[in-house]
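Peer 1: After the structure tokens below, expect a handful of questions from me.
The values are calculated or read from the model by the stated rules, or taken from the named source; none is laboratory data. Small disclaimer: the values here were computed from a predicted structure and weren't measured. Note that each Cβ is placed from the backbone with ideal geometry, even for glycine, and that neighbours are counted across all protein chains shown. The area values use the complete protein model at the heavy-atom level, side chains included, leaving out ligands, DNA and RNA. Shrake-Rupley method; radii C 1.70, N 1.55, O 1.52, S 1.80 Å.
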Amino acid sequence: QVQLVESGGGLVRAGGSLRLSCAASGSIFSINAMGWYRQAPGKQRELVASMPTGGITNYADSVKGRFTISRDNARNTVTLQMNSLKPEDTAVYYCNADIRGGRWLEVYNYWGRGTQVTVSS
């Protein structure tokens with residue numbers, strides 16, 4: 001069993017910063033990729049940033065230059081540093097990971113429960 005636990009959401013004024021963290025725990029053999037998605041009210045969940053192990057980091061166009069994703073592979077954590085926040089960044093942010101584990105060392109996709117980010121104008 002694998003769990004992803006997010007922390008760091010909250011309320012911030014436009015132009016401010018927040019830092020989200022996500023820790024993976026449980027039966028983990030290796031992690032192929034970790035990333036962040038977000039879902040605003042009435043909208044579909046969308047990719048914010050992803051970081052494959054040894055691969056190319058990917059950002060949504062709307063956050064390029066403002067958000068930075070990083071990973072600590074030794075601790076199985078992923079962090080999203082969000083700067084110059086805008087009201088349109090308001091959403092529930094979800095941690096996501098492709099993790100190899102279990103008895104047969106298969107890769108499964110996991111989601112955290114989400115953390116609310118609210119940016120006031």
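Peer 1: Tell me which residues, restricted to region 18-73, are farther than 21 Å from Thr118 by Cβ and of a type in the set (A, V, I, L, M).
Peer 2: Ala23, Ala24, Ile28, Ile31, Ala33, Met34, Met51, Ile56
Peer 1: Among the residues of region 75-101 satisfying the criterion of being open to solvent by less than 40 Å² (accessible area, probe 1.4 Å) and among the small types (Gly, Ala, Ser), which is nearest to Thr53 (Cα to Cα)? Break it down stepwise before answering.
Peer 2: Taking region 75-101 first, the residues open to solvent by less than 40 Å² (accessible area, probe 1.4 Å) are 77-80, 82, 85, 89-97, 99, 101.
With the extra rule that they be among the small types (Gly, Ala, Ser), the set shrinks to 91, 97, 101.
On the way: Ala91: 26, Ala97: 11, Gly101: 15 Å.
Among those residues, the one meeting the criterion is Ala97.
Peer 1: Kindly indicate which of Ser25, Ser30 is in contact with a Lys or Arg (Cβ under 6 Å, 6 or more places away or on another chain), closer than 23 Å to Gln1 by Cβ, surrounded by fewer than 19 Cβ atoms within 10 Å (Cβ to Cβ) and of a type outside the set (A, V, I, L, M).
Peer 2: Values: Ser25 fails: in contact with a Lys or Arg (Cβ under 6 Å, 6 or more places away or on another chain).
Residue meeting the stated conditions: Ser30.
Peer 1: Give me the residue from region 40-64 that is part of a strand (DSSP E or B) and open to solvent by less than 60 Å² (accessible area, probe 1.4 Å) and, out of that set, nearest to Ile99 (Cα to Cα). So that I can check it myself, show each step before the final result.
Peer 2: Here is the first cut: in region 40-64, the residues part of a strand (DSSP E or B) are 46-52, 58-59.
Those left that are additionally open to solvent by less than 60 Å² (accessible area, probe 1.4 Å): 47-52, 59.
On the way: Leu47: 18, Val48: 19, Ala49: 17, Ser50: 14, Met51: 13, Pro52: 11, Tyr59: 20 Å.
Looking at residues that are part of a strand (DSSP E or B) and open to solvent by less than 60 Å² (accessible area, probe 1.4 Å), I get Pro52.
Peer 1: May I pose another question? When region 1-22 is examined, which residues are found to be open to solvent by 70 Å² or more (accessible area, probe 1.4 Å) and either modelled with pLDDT under 95 or in contact with a Ser or Thr (Cβ under 6 Å, 6 or more places away or on another chain) (or both)?
Peer 2: Initially, region 1-22 is screened for residues open to solvent by 70 Å² or more (accessible area, probe 1.4 Å), giving 1, 3, 5, 11, 13, 19.
Across region 1-22, the qualifying residues are Gln1, Gln3, Leu11, Arg13.
Peer 1: Just give me the residues in region 108-121 being loosely packed, with under 15 Cβ neighbours inside 10 Å and either more than 14 Å from Val12 (Cβ to Cβ) or free of Cβ contacts under 8 Å to residues at least 40 places away in the same chain (or both), in sequence order.
Peer 2: Listed by number, the residues that qualify are Tyr108, Asn109, Trp111, Arg113.
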